[in-house]
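*Asks:* Handing you a structure now.
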């Protein structure tokens, strides 16, 4: 089909008598060429490149036969990388499916969601199209094996973080922010720091087992995302997060956090969160969220299965990352002529 591009793009039409199109595409993505682009533009994501400088980029040019063989190997490599990542995706889905099964519930992914439905007002615990679609489709947490309770009944502490400005110089104690919550866990890289009066500092110190949940974000998908704190040393948390501390005699924080991050937890968060400039959920709305609550021993058993599954995912992800790096290095060596070309 006919396609137009903006001024930010340059359209290159390869001379196919000299260069294989897919080979050129792969070569321009290689470290050898990317480093030239960075020099010409002043760094990653900076400036732009003129037509003259673009056309002066040096590109390795093996024979057409070798170029075609490298292109074939490149396509095959992309399939291998995609397959590795698909295995990771399936393992993630399997963890949630097992989690819901242990609770006697169905995952929303297993449901046939109705496109049209009717709901009586007296039967609407929380209004939200997605919430009611899933409930009618069978994702009703009250239909599982265990009683359903509100978070408020198992909470010991709900607390907002500090709004004081943080620094990148390492002065004070590390402060956890929205960016530190990733994939249902805390990421302690790229920390910022803050200095607070002792009373405030002590009041905001995190304790092992505290759950941090995102209360405000420009992204609706981030609101309600949470993770359990098990860091070493002193940490506090920023104002866009809320600290939840649970009664250890009633709930395991990892269990609660996993449920809130699951599609059935997200179903409730999406129903009660609001958009006023940004997407928000407040402490009272968090207290009203519902969760199936098995006995502690059952929670521990369920989370042991989750932990095993997550460990396997880490191994799969590391293997997929290694494969990706090895393949990229392999292709680049062929492009540069440092390795015999094989398809």
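Every read-out reported here was derived from the displayed coordinates using simple, explicitly stated rules and does not represent laboratory data. These numbers were taken from a predicted model, which means no experiment stands behind them. Don't worry about glycine lacking a Cβ; one is built from the backbone with ideal geometry, like all the others, and counts go over all protein chains shown.
*Asks:* Relative to the compact-globule scaling 2.2 N^0.38 Å, provide the ratio for the alpha-carbon radius of gyration of the stretch 146-293.
*Replies:* Here the Cα radius of gyration is 1.01 times the empirical estimate.
*Asks:* Right, another one. Angle between the Cα long axis of helix 263-272 and the longest principal axis of the chain, 0 to 90 degrees, nearest 10?
*Replies:* The angle comes out at about 70 degrees.
*Asks:* Can I ask one more? How much of the DSSP bridge set in the stretch 146-293 is antiparallel, in percent, rounded to the nearest 5?
*Replies:* 90 percent
*Asks:* Continuing with the same structure: Shape of the stretch 13-103 from its Cα gyration tensor (a ≥ b ≥ c, root eigenvalues): rounded if a/c is under 1.5, otherwise prolate when a/b > b/c, or oblate?
*Replies:* Since a/c reaches 1.5 but b/c is at least a/b, the shape of the stretch 13-103 is classed as oblate.
*Asks:* While we're on this one: Using Cα pairs closer than 8 Å and at least 6 residues apart in sequence, work out the relative contact order for the stretch 164-298, in percent.
*Replies:* Averaging sequence separation for qualifying contacts and normalising by length gives 24 percent for the stretch 164-298.
*Asks:* So what's the angle, to the nearest 10 degrees on a 0 to 90 scale, between helix 296-335 and the longest Cα principal axis of the chain?
*Replies:* On a 0 to 90 degree scale, this one is about 10.
*Asks:* Could you check the simple spin-label distance between residue 10 and residue 63, using points 7 Å along Cα→Cβ, in nm with one decimal?
*Replies:* Between residue 10 and residue 63, the label points sit 3.1 nm apart.
*Asks:* Here is a follow-up. So, by mean Cβ neighbours within 10 angstrom, what's the order for 211-219, 290-298 with the highest one leading?
*Replies:* Averaged packing, sorted descending, gives the order 211-219, 290-298.
*Asks:* Over the chain, what is the relative contact order in whole percent, taking alpha-carbon pairs under 8 Å and six or more residues apart?
*Replies:* Computed value for the chain: 21 percent relative contact order.
*Asks:* Let me ask something additional. Which one, (i) 1.33; (ii) 1.27; (iii) 0.90, gives Cα Rg over 2.2 N^0.38 Å as derived from the coordinates shown?
*Replies:* (ii)
*Asks:* Residue separation times 0.36 nm, minus the C-alpha to C-alpha distance between residue 157 and residue 250: what's the value?
*Replies:* 32.1 nm
*Asks:* So for each of 249-259, 72-82, 8-18, 172-182 I average, over its residues, the number of other beta carbons within 10 Å; can you give me the resulting order with the highest mean first?
*Replies:* So the peptides 249-259, 72-82, 8-18, 172-182, ranked by packing, come out 249-259, 172-182, 72-82, 8-18.
*Asks:* So if each residue of separation counts as 0.36 nm, and I subtract the Cα-Cα distance between residue 164 and residue 297, what length gain in nm does that give?
*Replies:* 43.8 nm
*Asks:* Related question: Run the simple label-point estimate for residue 97 and residue 38 please: 7 Å along Cα→C-beta, distance reported in nm.
*Replies:* Placing both labels 7 Å beyond Cα along the Cβ direction yields 4.2 nm.
*Asks:* Between residue 17 and residue 52, what length in nm is gained on full extension when 0.36 nm per residue of separation is reduced by their alpha carbon distance?
*Replies:* That works out to 10.3 nm of additional length.
*Asks:* From Cα pairs below 8 angstrom and at least 6 apart in sequence, can you work out the relative contact order of the stretch 1-112, rounded to a whole percent?
*Replies:* 23 percent
*Asks:* Within the chain, what percent of beta bridges assigned by DSSP are antiparallel, to the nearest 5?
*Replies:* 90 percent
*Asks:* When you count, for each residue, the other Cβ atoms within 10 Å and take the mean per peptide, how do 239-247, 263-271, 61-69 rank with the highest first?
*Replies:* Sorting 239-247, 263-271, 61-69 by mean packing, highest first, produces 263-271, 239-247, 61-69.
*Asks:* Same structure again: Could you state, as a whole-number percent, how many of the C-alpha pairs of the stretch 264-336 are farther apart than 22 Å?
*Replies:* When every Cα pair of the stretch 264-336 is considered, 60 percent fall beyond 22 Å.
*Asks:* Further question on the same structure: Could you work out [θ]222 nm for the chain from helices alone, using -39500 (n - 2.57) per DSSP H run of at least four and dividing by all its residues? Round to the nearest 500 deg cm²/dmol.
*Replies:* Result for the chain, helices only: -13500 deg cm²/dmol.
*Asks:* Please compute the modelled spin-label separation between residue 315 and residue 329, points set 7 Å along Cα→Cβ, answer in nm with one decimal.
*Replies:* 2.3 nm
*Asks:* Which distance in Å, rounded to a whole number, links the C-alpha centroids of the stretch 1-29 and the stretch 247-283?
*Replies:* If you average the Cα positions of each part, the centres end up 46 Å apart.
*Asks:* Once you've got the GNM for the chain with C-alpha springs shorter than 10 Å, pick whichever of 226, 33, 305 has the biggest mean-square fluctuation.
*Replies:* 33
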